[in-house]
1. Based on the mean of other Cβ atoms within 10 Å per residue, sort peptides 190-202, 155-167 so the most packed one is first.
2. Once label points are set 7 Å from the Cα along Cα→Cβ at both residue 119 and residue 215, what is their separation, rounded to one decimal in nm?
3. Need one value: the accessible area of residue 103 in square angstrom, 1.4 angstrom probe, rounded to the nearest 10.
4. What's the Cα-based Rg to Rh of segment 133-253, Rh via Kirkwood?
5. To the nearest Å, what is the center-to-center distance of segment 63-81 and segment 90-126, using C-alpha atoms only?
6. For segment 32-151, what D do you get in µm² per second when you plug the Kirkwood radius from alpha-carbon pairs into Stokes-Einstein at 4 °C and 1.567 mPa s?
7. Could you state the accessible area per residue of segment 79-156 in Å², with a 1.4 Å probe and every protein chain left in place?
8. Let's test the formula: R0 of 51 Å, r as the Cβ-Cβ distance of residue 103 and residue 150. What FRET efficiency results, to the nearest 0.05?
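The values are calculated or read from the model by the stated rules, or taken from the named source; none is laboratory data. It should be emphasised that the depicted structure is a prediction, and the values quoted were computed from it without experimental measurement. Here the Cβ positions follow ideal geometry from the backbone for every residue, glycine too, while neighbour counts run over all protein chains shown. What goes into the accessible areas is simple: the full protein's heavy atoms, side chains included, and nothing from ligands, DNA or RNA. Shrake-Rupley method; radii C 1.70, N 1.55, O 1.52, S 1.80 Å.
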Amino acid sequence: MRITQHITYNTYINDLMRKQESIYDLHRQLSTGKRVNTPSDDPVKTDDILSTKSLISDMGQYERNIDDGLSYLSIVEQSLDSAKDVITTLQEHAVTQASGTNDAQTRANTAVVVNNLFKQLVSLSNTAYDNKYVFAGYKVETEAFDSTGAFQGDSSKRGIRTGANTTVEIGVNGGEVFSGSSGGVDIFQIIADFETALNANDTTGIASAIDTLDEAFNQISNAVSDIGGKVSRLTQTKDSITHSMLELKTTVSGLEDADLTSVISDLKLSQIALEAAMQSAGKVFSVNIFDYV
């Protein structure tokens, strides 16, 4: 086959375009720091990169779920700690008013204090997080308890997803904690009975409140202990997720990151090769466009 000037010209043009494309690609790697910027750069590695990044994204969501769960549990724990303080104060009043040295008027005055503590406990039982009532089960838009201490929520407990096939229950149900719906005591009823005994100057009823308030205190304390276990589990899970995400990010970095030292070196060599090719073309063609490139 005869090598015409047209063929020679096209050969030079194609060679220059390939060299320019290589330089462009190296410039892109230098600016992004990535060796794989588009699927065409490396189809096999692109598939691995995308699947690994998808895992990282999922884990990031699990991590956010856990952070939200920990914040939720912190609010619940604070509320229950305050509820324990209320019960402790009531216990102190019960012990004091059970004494025979107190009279009906003193007990009636204490009944007013107890009523206020009852209202305080109702307020704590209606604690909200992110505008949702934390003790109401799934009926988060409704106050968990009404002013009389009657439970208005449901028996559900909130859960969060911490893995592809893992859900952790973090909800603390008000019906169980405050009303004893799962076999405990009705704390609001205990306080109401205590107030009634005080107003009636009923020393037997007041003395009985000492024991029932102990049960109420233990019921709330058990709920707080349960929260501690949930916080520990979530914290451990988060640590594991964080470690796994770090490993996956390292894997992605190894797949897509460019060796900038090599890129700079290759870029210099490619620029030299392009300049040499243009000079060569200029010598081959006495009249050509290369002098104007």
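1. Details: 190-202: 20.1, 155-167: 14.0.
My ranking of the peptides, most packed first, is 190-202, 155-167.
2. With each label placed 7 Å out from Cα toward Cβ, I get 2.8 nm.
3. In the full protein context, residue 103 sits at about 80 Å².
4. Details: Rg = 20.5 Å, Rh = 17.1 Å.
Result: Rg/Rh = 1.20.
5. First find each Cα centre; the distance between them is then 31 Å.
6. Numbers: Rh = 19.1 Å.
Estimated via Stokes-Einstein, D reaches 68 µm²/s.
7. Values: 3830 Å² over 78 residues.
For segment 79-156, the solvent-accessible area averages 49 Å² per residue.
8. Numbers: r = 33 Å, r/R0 = 0.65.
My answer for the efficiency is 0.95.
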